[in-house]
Amino acid sequence: MDILIGTAQIEITPVSSVYLAGYNIRKKPSQGVHDNLYAKSIYIENNKEKVALVSLDLVGLPLNIVNKIRKAVKEDVNLDNVVITCTHTHSGPNTISSINTKIDDNWFSLLPNKIIDLIKLSIKRKEQAKIGVKKVNVFGIGKNRRGNKEEVDPELGIIKVQDLKDRVKAIFLNFTCHGTVLDANNLLISADYPAYIYKFLSEVYPDAIILFTNGAAGDINIGYSADDSALGEKMNIRTFENAEKIGKKICNKVISVINDIPINNKELLVYKKKIIKLPFKTQLPQKHELEEQIKKRQDSIGKITDKSKKKKFQIRQIYDEIILGKMRGQYNNSGFLNTEIDILRVNDAILVTVPGELFCKLGLKIKKMLSPKIAMIVGYANDYISYIPTKEAFSQGGYEVETSLFADEVGNILINEIETLVKE
């Protein structure tokens, strides 16, 4: 049986001002829309499997919302396999519990049904199609913000979908770099640099859905300190102009190779899912302790005159506010968090979903494990559990480690679980 593929996209931009995600220090709501946000679906079917792959221009989506969508899709169209990933823009509406930024209930309550209708529309549009897969390098964009210069991933994964008349109907992209070209000072809704990928590729391929996914970008951005970013410090590289430059660079690479991507007639589609347990740190603070520390520190920060000392206090305050938000939203007394990993094989491509911000070194390890297949790490998928650092990073400290709820073996456990699922 031939592979059947259907595509669809809908706009999910809020129609009113909302609080934006990603930066704890940004306490003002949005003041307009720079570019629209989208939800996009690619539905793939052969005689053995059916799966819908959805990408959202959002920072992340919790597992309970993902499962709510899956339940409705199962009831409506009898589809079991749904993967929902987020591009991780920090200029979209808040979707994750935080103590400083509210979730807009009016907008958020409508989101699941929009995604459900999107998936159903992509199924309705299914037609015979052909798939080609390729990986290329795009150098000079992603940098390791912890200073580990060798731990970057310049690979751009491309899946091209054509109809039987060889018209490009979808371009699936996978690239590793935080959706944070725009900083905490930005108050305009935006998909960040992927917005320009959509814009420029759509001009060349107007009939195609351009679906972007982020990779193991936990410690990868365009080259600035996580602490400085958390404090909202202005940097001349964090502009819409630079986001456009980055988007155009990725777009130009796609255009230069897409016609050379060979079509593979294997018609291979395999989907596997596994619920895994990730251990919390054993010495996490109590919520009431954090609340007291935050209040006490807030009262004293304004009185500090020494700039260096004040910055340290502000950083610690932001860390504790982030931890408290996660304690309220994710922590439970079992000592473990249940989350999910998926494996999706599409011909020569193997997509590995990760439910948060995986450190790049761990992503590269997964890719090496799956070589010579074209492996793509799809981060921020099916859940949002924040940072998944390496064990070495835990011994070094820093923003990602300090604000993680997980024990230092979390990365190794995740890798082992993925290896087990691949063998199955």
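Brief remarks follow.
- When the chain is treated as a Gaussian network with alpha carbon springs shorter than 10 Å, the biggest mean-square fluctuation among 217, 72, 184 belongs to 72.
- In order through the range 414-424: 3J(HN,Hα) via Karplus (6.51 cos²θ - 1.76 cosθ + 1.60), integer Hz, x for Gly, Pro: 4, 4, 5, 5, 5, 4, 4, 5, 4, 5, 5
- Value of relative contact order over the chain, rounded to a whole percent, pairs C-alpha under 8 Å and six or more apart: 19 percent
- For chymotrypsin sites (Phe, Trp or Tyr not before Pro), no site in the range 1-59 is both called loop by DSSP and has at most 14 other Cβ atoms within 10 Å.
- When only alpha carbons are used to place a centre, the range 184-239 and the range 273-321 end up 27 Å from one another.
- Evaluated over the range 292-413, the Cα radius of gyration and Dmax, each in Å: 18.2, 61
- Cleavage-rule hits (GluC sites (Glu not before Pro)) in the range 116-224: DSSP loop, at most 13 neighbouring Cβ within 10 angstrom: 150
- Taking the Cα centre of the chain as origin and assigning +1 to Lys and Arg Cβ atoms and -1 to Asp and Glu Cβ atoms, the resulting dipole is close to 280 debye.
- Dipole orientation for the range 4-269: of the candidates 268, 90, 122, 268 has the Cα lying most toward the positive pole (charges on Cβ; Lys, Arg +1; Asp, Glu -1).
- Taking 277, 135, 40 and counting other C-beta atoms within 10 Å, the order from fewest to most: 277, 135, 40
- In this structure the amide hydrogen of residue 220, modeled in the peptide plane, comes within under 5 Å of the amide hydrogens of 145, 178, none closer than 5 places in sequence on its chain.
- Fewest-first ranking of 290, 268, using other Cβ atoms within 10 Å as the exposure measure: 268, 290
- Dimensions (Å) - the chain, Cα atoms, principal axes, largest first: 69, 44, 44
- Table column - 3J(HN,Hα) (Hz), the range 338-343, Karplus curve with 6.51, -1.76, 1.60, x for Gly and Pro: 7, 8, 9, 10, 10, 10
- Modelled label positions at residue 263 and residue 110, each set 7 Å beyond Cα in the direction of Cβ, lie 4.0 nm from each other.
- Rounded if a/c under 1.5, otherwise prolate or oblate - the range 88-150, Cα gyration tensor axes: oblate
- Neighbour cut-off at most 13 other Cβ (10 Å), DSSP loop, trypsin sites (Lys or Arg not before Pro), the range 214-263: 234
- Greater than 29 Å apart at Cα, pairs in 40/234; 249/367; 40/135: 40/234
- Residue-by-residue Karplus 3J(HN,Hα) for the range 73-81, coefficients 6.51, -1.76, 1.60, Hz, glycine and proline x: 5, 4, 5, 7, 10, 6, 9, 8, 9
- Cα lying deepest toward the dipole's positive end in the chain, options 339, 9, 290, charges on Cβ: 290
- Residues whose placed amide H lies under 5 Å from that of residue 26, excluding near-sequence neighbours: none
- Folded to 0 to 90 degrees: helix 360-370 orientation relative to the chain principal axis, Cα: 30 degrees
- Estimated from helical segments only, the mean residue ellipticity of the chain at 222 nm is -10500 deg cm²/dmol, where each DSSP H run of four or more residues counts as -39500 (n - 2.57).
- Distance between the C-alpha centres of the range 1-76 and the range 120-167: 17 Å, rounded to the whole angstrom.
- Gain on full stretching of the segment that runs from residue 332 to residue 68 - 0.36 nm per residue minus C-alpha separation: 93.0 nm
- Test item: Cα-centred dipole of the range 330-386, Lys/Arg +1 and Asp/Glu -1 on Cβ, debye: 360 debye
Laboratory data are not the source of any read-out in this text; all were calculated from the coordinates shown. This structure is a prediction, so every number in the text was calculated from the model and none was measured. A quick note on method: Cβ atoms are made from the backbone with ideal geometry, for glycine too, and the neighbour counts reach across all protein chains shown.
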